[in-house]
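Visitor: One structure, as structure tokens, below. Some questions next.
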Amino acid sequence: MEELPYALLSHSGGSRGFPKHYESFVKQHFHIVYLDEFNNNRELYAPKIQALLLWWHLPVVTKELLDSLPHVKVISSSGVGVDHLDLKLISSYGIKVTNTPGVGNDATADTGMALMLASAKNIVQGHRISCSPDTKEVDFNCVGDDITDATLGIIGMGSIGYSIAQRAKAFRMRILYHNRNRRAVEEELAVGAEYCGDMADLLQKSDFVMVVVNLTPKTHNLIGREQLQLMKPTATLINISRGQVIDQDALVDALRHGVIKAAALDVTYPEPLPRDHPLLTVKNLILTPHVGNATDKTRRRVAEKVILNAAGIIKGLPVTDIVNAL
């Protein structure tokens, strides 16, 4: 029986380590070496390791690490974004990089809808009022916003954006979208989506703006002061992409001065925010800690795809999730 190849993982368990209950699947395809073990015995493991398995961007891939792993063939990263990787550097070593697109689409789309609903219906505020020892009566004249028949603007109509549109259709929302490329007419008709070639047009018309783009140099600070000024003062901004896509200083000002009504963010920069960050003091804001695809079913599928992508590359099998051209 052929011996399994070796793979390097950051660490096991904890808040960002590889989940222990997924390790059995890894062991069907690889011998696991964790970073501490590797650092304590580099001479033994360096020649054996053929794969780097990244969970929550760890281990951090540096030139020093790559230089110490002469036989690595693949870096298999969890999640869709690869902005944490220097693809040019990695490619110069002849190493392939894979990601896990598509696996978390439904879970992330659900989170986007949950944030929109929670913000519109004052769910967090209502919970605090209901649980507060100071609450003697409820202000029944305090109202939220309708989702049904409202206008949703989706910035980034990839697979996750389209999954959101499918959900929004059930709420009879008018759906506008802005994307680098217009989707096929039949796809637009299936969800009732209208294409906005100019993002400014979408911002001006939408009651809710949901950002679902990859982080690239072109999308860094995609939503800044100018874009926030274009939005309705009654509008809500939702971000489920990356924190750097929004100018957070501009967002703080917009929320404090009523430029927009509210925001709901699953992502920030950095994560978590420093405890004295001004965003944490803004009342018309919901923050969640990057839980977009955080369900056990989805995370298990992500882990399996990380492993299978790496194993496929090592075996010379066709793998569709390669993100760097060699």
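The values are calculated or read from the model by the stated rules, or taken from the named source; none is laboratory data. Keep in mind the model is a prediction, meaning the values are calculated, not measured. Cβ: placed from backbone, ideal geometry, glycine included. Neighbour counts: every protein chain shown. These accessible areas exclude ligands, DNA and RNA; they are computed on the full protein's heavy atoms, side chains included. Shrake-Rupley method; radii C 1.70, N 1.55, O 1.52, S 1.80 Å.
Visitor: Give the residue list of trypsin sites (Lys or Arg not before Pro) in segment 239-326 that are DSSP loop and have at most 13 other beta-carbon atoms within 10 angstrom.
Guide: Answer in residue order: R275, K283.
Visitor: What whole number of Å gives the distance from the Cα centroid of segment 1-64 to the Cα centroid of segment 247-326?
Guide: 23 Å
Visitor: Rounded, prolate or oblate, given the Cα gyration tensor of segment 45-204, with a/c below 1.5 counting as rounded?
Guide: In terms of gyration-tensor shape, oblate.
Visitor: How would you rank 263-271, 84-92, 65-73, highest first, on the average number of other Cβ atoms within 10 Å across their residues?
Guide: 263-271, 65-73, 84-92
Visitor: For a quick check, take a GNM of the chain with Cα springs below 10 Å and name the residue from I160, I95, I238 with the largest mean-square fluctuation.
Guide: Between I160, I95, I238, it is I95 that shows the largest mean-square fluctuation.
Visitor: Under DSSP H, which helices of the chain have Cα atoms covering 20 Å or more of the helix axis and a Kyte-Doolittle average no less than -1.0?
Guide: Counting only whole DSSP H runs, the qualifying helices are 105-120, 296-315.
Visitor: Which lysines, if any, have their Cα less than 23 Å from the Cα of K305, not counting same-chain residues under 8 positions apart?
Guide: K20, K27, K48, K73, K96, K297, K315
Visitor: What residue among G192, G14, G224 has the largest mean-square fluctuation in a Gaussian network model of the chain, using Cα springs under 10 Å?
Guide: The residue with the greatest mean-square fluctuation here is G14.
Visitor: Please list the three semi-axes, largest first and in whole Å, of the ellipsoid equivalent to the chain, using sqrt of 5 times the eigenvalues of its alpha carbon gyration tensor.
Guide: They are 40, 22, 18 Å, listed largest first.
Visitor: Expressed as a rounded percentage, what relative contact order does the chain have, with Cα pairs under 8 Å and six or more residues apart?
Guide: 18 percent
Visitor: Right, another one. Can you tell me the dipole magnitude for the chain around its Cα centre, using point charges on the Cβ only (Lys, Arg +1; Asp, Glu -1), in Debye to the nearest 20?
Guide: For this selection, approximately 300 debye.
Visitor: About the Cα centre, and with charges only on the beta carbon of Lys, Arg (+1) and Asp, Glu (-1), how big is the dipole of segment 51-195? Nearest 20 debye, please.
Guide: 400 debye
Visitor: Within segment 133-210, report the GluC sites (Glu not before Pro) that DSSP leaves as loop and that have at most 10 other Cβ atoms within 10 Å.
Guide: Hits after loop and neighbour filter: E137.
Visitor: Ranked from the most accessible area to the least, with a 1.4 Å probe and all protein chains present, what is the order of D198, D145?
Guide: Highest to lowest solvent-accessible surface, that is D198, D145.
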